[in-house]
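Novice: Submitted below is the structure of interest, expressed as structure tokens.
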Amino acid sequence: MVGSLRKTWKSLRGKKEFDSVFDAGNRQTGRYFTLFLVAGTGGGPRLGLIVSKKVARAATRRNMIKRIVRESFRHADLAHCHGFDLVVLARPSLSGARREEIRASIDRQIAQAAARIYPGKQT
């Protein structure tokens, strides 16, 4: 359901859910983000976001980064990837990046992470 306005994924909630992804997840580090991905969790895809004040002091900037990541996740073709948790951790190098750079970086990293977890499928 790519491009739909309906939310097709859930959010990770609470320390326990985030810790389980950190402990068992495959880590992928890029220029602006570190991704932790766990496959086989059952149910639909779940997304967790961490954007600290070290990345962007202003709340409006942090919220903009979160909106970009959510939008990229929504547009990623992950229909074949059932039951996974993804935590996106923003890195301090993101502070001066433009919107286009942020979007291109997270799009690329989500595609790479999905291909690594589900090697037989194409995103």
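The values are calculated or read from the model by the stated rules, or taken from the named source; none is laboratory data. These numbers were taken from a predicted model, which means no experiment stands behind them. Virtual Cβ from ideal backbone geometry, glycine too; neighbours counted across all protein chains shown.
Novice: When you check Ile65 against the structure, is it out of contact with any helix residue (DSSP H, G or I) (no Cβ under 6 Å at 6 or more places or on another chain), at pLDDT 95 or above and over 12 Å from Ile106 (Cβ atoms), yes or no? Outline the logic, then answer.
Specialist: Values: out of contact with any helix residue (DSSP H, G or I) (no Cβ under 6 Å at 6 or more places or on another chain): yes; at pLDDT 95 or above: yes; over 12 Å from Ile106 (Cβ atoms): no.
So Ile65 does not fit the description; no.
Novice: Hey, another quick one. Answer yes or no: is there a residue in the stretch 71-85 that is assigned to a strand (DSSP E or B) and closer than 17 Å to Gln28 by Cα.
Specialist: Checking the stretch 71-85: at least one residue is assigned to a strand (DSSP E or B) and closer than 17 Å to Gln28 by Cα.
Novice: Filter the stretch 68-123 down to the residues that are touching a helix residue (DSSP H, G or I) at 6+ places or on another chain (Cβ under 6 Å) and not aliphatic (A, V, I, L, M), then identify the one that is modelled with the lowest pLDDT.
Specialist: Thr123
Novice: Further, regarding this structure: Within the bounds of the stretch 33-41, is there any residue that is in a helix (DSSP H, G or I) and either touching a residue at least 12 places away in the same chain (Cβ under 8 Å) or closer than 23 Å to Leu94 by Cβ (or both)?
Specialist: No, the conditions are met nowhere in the stretch 33-41.
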